[in-house]
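Trainee: Let me give you the structure first, and then I'll get to my questions.
The values are calculated or read from the model by the stated rules, or taken from the named source; none is laboratory data. What you see is a predicted model, and the numbers here were worked out from it, not measured in a lab. Cβ sites come from the backbone with ideal geometry, for glycine too, and all protein chains shown count toward neighbours. Note: areas computed on protein heavy atoms with side chains; ligands, DNA, RNA excluded. Shrake-Rupley method; radii C 1.70, N 1.55, O 1.52, S 1.80 Å.
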Amino acid sequence: MIKRILVVEDEAPIREMISLVLEQNGFQFIEAADFSTAQTLLSEPFPDLVLLDWMLPGGSGIQLIKYMKRESLTKEIPIVMLTARSEEEDRVMGLESGADDYITKPFSPKELLARIKAVMRRTSPVIEHESISFAGLTLEPDSHRVTADDEMLVMGPTEYKLLHFFMSHPERVYSREQLLNQVWGTNVYVEDRTVDVFIRRVRRTLEPSGYDKMLQTVRGAGYRFSTRF
Ligand code: CA
């Protein structure tokens with residue numbers, strides 16, 4: 001299904017850059033350069049995601065988030081904030097009001113896409129059966145097939161489940177305990193270090209393609225699947 005994105009940004013060059021990236025990557029988009037246009041566009045057919053700039057003519061990003069969260073038809077729509085480097089407080093406030101993620105200006109098309117995909121994946125459970133791709137790494141839940149640059153990878157069922165979990169929850173850190181619960185289940189007794197063993201196996205499988213770098217160790221916290229390395 002084609003995803004429709006609402007771009008709320010008053011600076012025309014940024015809006016054009018975003019629109020171009022979205023168009024080239026098969027997204028539909030609608031644009032608003034001010035607060036009231038954004039409000040008007042938050043109606044049928046609803047966007048699947050909103051990219052939201054902070055300072056807008058006619059109102060702030062925070063106000064728009066609050067407006068969206070009040071309405072039952074818009075409160076579930078994921079929001080990615082576009083913020084300037086200096087607006088640390090705005091970011092915190094935005095995340096607290098219900099934004100799903102933020103991206104700092106200036107950003108690259110690649111970063112923008114990665115963020116959009118990560119948020120969509122996190123917020124739409126219905127895509128369980130759709131294939132998941134990051135760079136050249138693709139996982140197809142229907143056939144249990146994993147390919148790296150079109151080369152089929154052979155992996156055991158637990159390795160597959162682990163990779164599937166990570167690829168459907170990218171850019172987030174999970175502790176060993178969380179991974180055990182998610183992948184092995186809560187009523188199975190396995191030691192924490194089992195996770196490390198399976199992470200190593202998945203990495204070994206991904207190593208020839210270089211995608212093992214996506215499966216990252218976060219010191220003192222756990223593991224994360226990320227396209228940023
Ligand atoms: Ca602005």
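Trainee: Quick test for you: out of Phe29, Phe35, pick the one residue that is open to solvent by 50 Å² or more (accessible area, probe 1.4 Å) and of a type in the set (Phe, Trp, Tyr).
Mentor: Phe29
Trainee: Taking only segment 185-229 into account, find how many residues are of a type in the set (Phe, Trp, Tyr) and within 25 Å of Met120 (Cα to Cα).
Mentor: Count: 4.
Trainee: Let me ask something else. Restricting the search to segment 1-47, which residues are within 12 Å of the ligand (Cβ to nearest atom) and either on the phi > 0 side of the Ramachandran plot or in a loop (DSSP other than H, G, I, E, B) (or both)?
Mentor: Glu9, Asp10, Glu11, Ala33, Asp34
Trainee: If I filter segment 59-66 for residues that are hydroxyl-bearing (Ser, Thr, Tyr) and closer than 24 Å to Arg121 by Cα, do I get at least one hit?
Mentor: No; the residues of segment 59-66 include none that is hydroxyl-bearing (Ser, Thr, Tyr) and closer than 24 Å to Arg121 by Cα.
Trainee: Looking at segment 38-48, is at least one residue in contact with a Lys or Arg (Cβ under 7 Å, 6 or more places away or on another chain), closer than 26 Å to Val92 by Cα and open to solvent by 30 Å² or more (accessible area, probe 1.4 Å)?
Mentor: yes
Trainee: Between residues in segment 169-183 that are open to solvent by less than 20 Å² (accessible area, probe 1.4 Å) and residues that are at pLDDT 85 or above and assigned to a loop (DSSP other than H, G, I, E, B), which pairs lie under 9 Å by C-beta distance while being six or more apart or on different chains?
Mentor: Pairs that qualify, where the first residue is open to solvent by less than 20 Å² (accessible area, probe 1.4 Å) and the partner is at pLDDT 85 or above and assigned to a loop (DSSP other than H, G, I, E, B), are Pro170/Ser226; Pro170/Thr227.
Trainee: How do the pairs read when you match residues in segment 34-46 that are polar (S, T, N, Q) with residues anywhere that are surrounded by 11 or more Cβ atoms within 10 Å (Cβ to Cβ), using Cβ under 7 Å and keeping only pairs 6 or more apart or on different chains?
Mentor: Pairs that qualify, where the first residue is polar (S, T, N, Q) and the partner is surrounded by 11 or more Cβ atoms within 10 Å (Cβ to Cβ), are Ser36/Gly58; Gln39/Tyr67.
Trainee: Identify the residue in segment 184-229 that is part of a loop (DSSP other than H, G, I, E, B) and over 25 Å from Glu111 (Cβ atoms) and, among all such residues, is least open to solvent (accessible area, probe 1.4 Å).
Mentor: Gly185
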